[in-house]
Amino acid sequence: MADLTVKICGVSFKNPVIAASGTFGFGREYNELYDISAVGGVSTKGLTLEPRPGNPVPRIAEGKGVILNAVGLQNPGVEEFIKNDLEWLKGKTTVIANVAGRTLEDYEGICARLDGLVDMIELNISCPNVRAGGMALGIKPQNVEEVTRLTKAQLRKTPLIVKLSPNVESIATNAQAAERGGADCISLINTLTGMVIDIERRRPVLANNTGGVSGAGIMPVALRMVYEAAHAVDIPVIGMGGIESGKDAIAFMMAGAKAVQVGTSNFTDGYSIPRIVKGIDEWLGRHGVVDINEIVDTLILN
């Protein structure tokens with residue numbers, strides 16, 4: 001059995017497979033299926049300062065090889081998370097708080113509140129299904145740098161991950177902007193923006209009209225962007241986008257990711273993460289690799 005431990009910004013993960021934000025809640029539901037101590041870490045449901053009801057329904061739709069969501073950051077608010085879920089989750093695995101806001105002040109406030117309480121904070125500036133804030137801060141590099149700098153200034157104890165949008169002109173440029181702003185790590189990709197149409201009604205399926213596209217179909221796009229970002233910055237990268245197997249996770253790590261996040265696959269297979277961890281270990285065993293870190297950034301271009 002290989003050593004699957006990875007360390008990012010001084011934070012240890014028992015394995016490199018992290019549950020992606022918005023697909024794992026705060027872990028309680030999946031813990032009814034299996035002990036989520038098997039998960040490398042959990043990036044929580046996106047948290048805001050105040051509770052949010054989310055977008056109108058329908059807010060989930062199927063596409064070809066993908067799903068679209070326009071949930072709209074429904075969450076109980078940061079105080080309820082701290083009160084009801086944080087200590088339980090910390091007893092299980094490494095905790096990454098995914099945070100969002102409508103304004104720069106929102107981001108500053110929630111980061112200040114969570115500093116020192118969680119293992120890492122993941123700044124969600126790239127959500128494509130909220131009508132204000134969120135993605136608007138993640139498109140232009142100057143905005144990425146600004147929100148990163150302001151939020152990093154609120155953090156004395158907790159490393160900052162900046163989650164990047166793929167809906168940009170240059171992922172490398174935005175990755176560099178996050179690094180200049182003081183990010184300790186970047187994660188990517190968040191969902192692409194898409195639409196599904198009900199041709200009988202001549203209307204979009206989603207009440208929000210558009211939503212975030214995720215699932216196996218986006219993996220080639222995600223891999224390319226992770227590779228480009230990882231080779232544009234000197235900070236660690238966490239990769240995600242369409243991962244369904246151990247081999248998929250290995251590909252992201254070869255492209256330069258220190259760890260991966262698994263999202264949509266949790267919906268199609270409730271046991272997806274432990275299965276992917278097992279698949280990684282089996283692949284490493286077949287190839288005589290004793291430490292998962294040995295495969296990071298080992299891609300050989302043609």
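The values are calculated or read from the model by the stated rules, or taken from the named source; none is laboratory data. A quick note: this is a predicted structure, and the numbers were derived from the prediction, not measured. Every residue, glycine among them, receives a Cβ derived from its backbone with ideal geometry; neighbour counts consider all protein chains shown. Only protein heavy atoms, including side chains, enter the accessible area calculation; ligands, DNA and RNA are left aside. Shrake-Rupley method; radii C 1.70, N 1.55, O 1.52, S 1.80 Å.
Residue count for region 246-258 under the criterion of being under 22 Å from Ser126 (Cα atoms) and either assigned to a loop (DSSP other than H, G, I, E, B) or open to solvent by 30 Å² or more (accessible area, probe 1.4 Å) (or both): the result is 4. Restricting attention to region 16-27, the residues being buried (at least 24 other Cβ atoms within 10 Å of the Cβ) and either over 16 Å from Ala97 (Cβ atoms) or of a type in the set (Gly, Ala, Ser) (or both) number 6.
The residues of region 141-176 that are assigned to a helix (DSSP H, G or I), farther than 22 Å from Gln261 by Cα and of a type in the set (A, V, I, L, M, F, W, C), listed by number, are Val147, Leu150. Close Cβ contacts (under 8 Å, 6 or more residues apart or on different chains) running from residues in region 275-302 that are closer than 17 Å to Ala257 by Cα to residues that are assigned to a loop (DSSP other than H, G, I, E, B) and among the acidic types (Asp, Glu) comprise Ile276/Glu244. I'd like the residue in region 174-228 that is without any contact (Cβ under 8 Å) to a residue 40 or more places away in the chain and of a type in the set (Val, Ile, Thr) and, out of all such residues, is most open to solvent (accessible area, probe 1.4 Å). Step by step, filter region 174-228, then rank; the result is Ile199.
Just one residue in the set Ile243, Ile235, Ile276 is under 17 Å from the mean Cα position of the chain (by Cα), under 18 Å from Ser187 (Cα atoms) and open to solvent by less than 20 Å² (accessible area, probe 1.4 Å); that residue is Ile243. Please specify each residue of region 28-48 satisfying the condition of being part of a loop (DSSP other than H, G, I, E, B) and surrounded by 20 or more Cβ atoms within 10 Å (Cβ to Cβ). Listed by number, the residues that qualify are Val39, Gly40, Thr44, Lys45, Gly46, Thr48.
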